[in-house]
Amino acid sequence: MSAQLRDIAGELAEILWREHTVYRERSGGVVIRGEHVRRWISLAPAGGRDEVLVRAGRILDGGTTAPARSEAVVPLSAGTGVLAATCRRLLAEAAADAAPLVPGRAAPGRSNQPGKAARPKGSGKQTSFGSWVILACIAGVIALYVYSTAMHG
């Protein structure tokens with residue numbers, strides 16, 4: 001299967017990038033590196049006979065590779081077009097996780113302050129209007145109880 005993966009990777013590399021390097025991994029998979037876009041794609045045999053595990057990640061400064069950001073299993077019988085579309089989607093996900101576009105600003109979903117976890121917008125600890133109404137009702141009941149106890153007690 002590694003010879004088949006190498007052939008598929010060669011075709012895929014031509015579709016994805018003008019400049020690329022294709023090499024075989026020790027595990028029997030194939031890696032396509034696009035140095036100019038600082039991304040990599042890995043093709044490895046998956047659990048099924050006709051399936052390939054596609055992983056995508058970034059190339060860091062100095063040429064080392066970051067761990068895969070996303071992965072998918074694609075049947076080889078689907079064809080090179082489907083495989084290329086899957087690779088493009090995974091590469092887009094890896095690019096979205098990349099460093100911030102503007103120096104000094106955090107990437108979406110990331111905090112500028114180290115040690116503080118970033119929360120998605122809209123799911124914070126803000127109290128909604130309905131919660132305020134309930135709290136006001138509870139405070140009113142307590143105030144009524146205190147008043148009635150003071151007047152009759």
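The values are calculated or read from the model by the stated rules, or taken from the named source; none is laboratory data. Computed from a predicted structure; not experimentally measured. Methodologically, a virtual Cβ is constructed for each residue, glycine included, from the backbone with ideal geometry; neighbour enumeration extends over all protein chains shown. Areas reflect the complete protein model, heavy atoms only, side chains present, ligands, DNA and RNA absent. Shrake-Rupley method; radii C 1.70, N 1.55, O 1.52, S 1.80 Å.
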task: Within the range 21-33, count every residue that is modelled with pLDDT under 85 and either of a type in the set (Phe, Trp, Tyr) or buried (at least 18 other Cβ atoms within 10 Å of the Cβ) (or both).
output: 1
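What number of residues within the range 1-43 are assigned to a helix (DSSP H, G or I) and touching a His at 6+ places or on another chain (Cβ under 7 Å)? Walk me through how you get there before you give the answer.
Residues of the range 1-43 that are assigned to a helix (DSSP H, G or I), as a first pass: 2-16.
Narrowing further to those that are touching a His at 6+ places or on another chain (Cβ under 7 Å): 13.
Result for the range 1-43: 1.
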- prompt: Restricting the range 1-18 to residues that are open to solvent by 60 Å² or more (accessible area, probe 1.4 Å) and modelled with pLDDT under 85, which is farthest from residue 74 (Cα to Cα)?
  reply: 18
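Okay, residues lined up against (1) surrounded by 12 or more Cβ atoms within 10 Å (Cβ to Cβ); (2) not β-branched (Val, Ile, Thr):
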residue	(1), (2)
37	yes, no
40	yes, yes
54	yes, no
57	yes, yes
67	no, yes
77	no, yes
86	yes, no
query: Here is a list of conditions, (1) out of contact with any helix residue (DSSP H, G or I) (no Cβ under 8 Å at 6 or more places or on another chain); (2) more than 21 Å from residue 92 (Cβ to Cβ), and residue 17 meets all of them except one; can you say which number that is?
result: (2)
